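Student: After the structure tokens below, expect a handful of questions from me.
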């Protein structure tokens, strides 16, 4: 009997627990979109979005304010009663795609533009009352391609007529997206550059001379063209871009033609080689070495002559990875030729001499570039010299090589410093900041030859101070958004330097700019009341409200703003009701409900006369809203 009683008690406890396992009181899904366009606010979450718009506009030659893209997403909101008077809210913003200006040189880059971060407010409503609201900042897109939040609240209303509303939704990207963007457009640039480079390589076949006395030059030129082919064929863009169906530059056609020519010329070379029993070479090893280095150097030189977006690809093509396989391949080919000459018994010595001459030719070419202050080209040549010497000669690196590398590094570093000085001088602080970053990275990568970073620190301090001065000037000119940007940049630079002497001055400048901007936005909204430009009024007030919410302890409305704010709110209030009535009449109950709810919130925060019909309109919209969707 006791066992039966115990079983009944356990069963009742289990039933009690199961009663609140999944009691859904609200479930709603809707599609939405968010337009990303350029904004004059340069700092914070706007910076990467602005970067995308600026770069797309620049590359596609479209106007800055005519460029935008749209992020499409769906919203799934649900409320479950998990225990008595306790509810769990689950909100999911599910990313779908980006449309609009999402192409770079005919390639779709919309996957890179998908936002990684989201800010929004979730509001819990019961009838016409707001029960709970939570702000969420910097929510990260998860591996299911959604921004997801969950929270619980307690409520004791008898009527469980709960709904959810999202407000202040903002999507933006982070620094990782910026890096991914750069990588993708660089791959696209490499794709187009490779097509131009292959065109150049195809023209170089005409320079090949099938004469017995020139057989070493012929061999080296064919080998070099084959190296180029292998590098182009294995390029990263061919794996990432999937351009088979979008081959605007004719990459595959040119690659096939280049391969065909190489095979034909190699076949002709071996026919010539096999037809000769004895060869008399017309040049000494020094001359062969010099001509070989000239052949390699062409790509470094061309990198300075082609359009900017091709430069990096041509420069990298000039770099030769002298691994053992490549060195042995050259050694074997040259050895076969030497065996048919009068030097057939001295091939080891001649090949050793040729290696030394190739290294000397590299050193001489680098020296020429340094004399002409072409330090970047000299660095590329010296990278090749280092690789060649380490693999083929395999001795301690000579002092001469290290000295030239140091000279090239210092030359590049000083070029950065010169550009930074000039950019600061003409007031292009953004360019100066970019090159300070470049110079700092270069110094760290080459710290064995550029030991001190004191010049970078000095220029950084100078730039940060100029940003403060410019911010103060812009505050005086009432250009508050630009002033805020300047103070933010100064703050970032000083933080990177671990210097905090100017924190107070920067913060005071920000406070002045924020107050000025808030008052200016509200006044601009008020100026549009007579013209009834509702979209412009809403835009200014949305910016002003967001600024006030983020800095509520710092912003003090001016007397003029205090006077006109009730008029603006009343105008918005009437417009919300009007729009809500239109939506209600057309059957858009959810949107109508949202408009009426916003109007009620304005009622609560303002002292104007209320519209007595508003509550009834809200109830009409609420009566048609979905309360529960049975997913079974």
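The values are calculated or read from the model by the stated rules, or taken from the named source; none is laboratory data. On a predicted model such as this, the values are computed, not experimentally measured, just so you know. Here Cβ is always computed from backbone atoms with ideal geometry, including for glycine, and neighbour counts include all displayed protein chains.
Student: With buried (at least 17 other Cβ atoms within 10 Å of the Cβ), part of a helix (DSSP H, G or I) and free of Cβ contacts under 8 Å to residues at least 60 places away in the same chain as the only criterion, which of 222, 188 stands out?
Tutor: Within the list 222, 188, the selection yields 222.
Student: Can you confirm whether residue 47 is modelled with pLDDT under 85 and outside any loop (DSSP other than H, G, I, E, B)?
Tutor: Here the answer is yes, as residue 47 does meet what is asked.
Student: Can you find a residue in the range 80-93 that is touching a residue at least 12 places away in the same chain (Cβ under 8 Å), within 30 Å of residue 309 (Cβ to Cβ) and surrounded by 20 or more Cβ atoms within 10 Å (Cβ to Cβ)?
Tutor: Checked the range 80-93: no residue is touching a residue at least 12 places away in the same chain (Cβ under 8 Å), within 30 Å of residue 309 (Cβ to Cβ) and surrounded by 20 or more Cβ atoms within 10 Å (Cβ to Cβ).
Student: Sort out for me the helices (runs of 4 or more DSSP H) sitting completely within the range 517-632 that have 3 or more residues that are under 36 Å from the mean Cα position of the chain (by Cα) and modelled with pLDDT of 90 or more.
Tutor: Once the helices (runs of 4 or more DSSP H) in the range 517-632 are filtered for at least 3 residues that are under 36 Å from the mean Cα position of the chain (by Cα) and modelled with pLDDT of 90 or more, what remains is 534-550.
Student: So which of 216, 271 is within 30 Å of residue 342 (Cβ to Cβ) and surrounded by 14 or more Cβ atoms within 10 Å (Cβ to Cβ)?
Tutor: Of the residues listed, the single one that is within 30 Å of residue 342 (Cβ to Cβ) and surrounded by 14 or more Cβ atoms within 10 Å (Cβ to Cβ) is 216.
Student: Kindly state which helices (runs of 4 or more DSSP H) lie completely within the range 245-321 and contain at least 3 residues that are modelled with pLDDT under 95.
Tutor: 251-274, 285-303
Student: Assuming residue 379 fulfils every condition listed in (1) within 23 Å of residue 217 (Cβ to Cβ); (2) without any contact (Cβ under 8 Å) to a residue 60 or more places away in the chain; (3) touching a helix residue (DSSP H, G or I) at 6+ places or on another chain (Cβ under 7 Å) apart from one, which condition is it?
Tutor: Of everything listed in (1) within 23 Å of residue 217 (Cβ to Cβ); (2) without any contact (Cβ under 8 Å) to a residue 60 or more places away in the chain; (3) touching a helix residue (DSSP H, G or I) at 6+ places or on another chain (Cβ under 7 Å), residue 379 misses just condition (1).
Student: Considering only residues that are closer than 18 Å to residue 430 by Cα, part of a helix (DSSP H, G or I) and in contact (Cβ under 8 Å) with a residue 24 or more places away in the chain, which ones fall in the range 487-505?
Tutor: Listed by number, the residues that qualify are 487, 488, 489, 490, 493, 494, 496.
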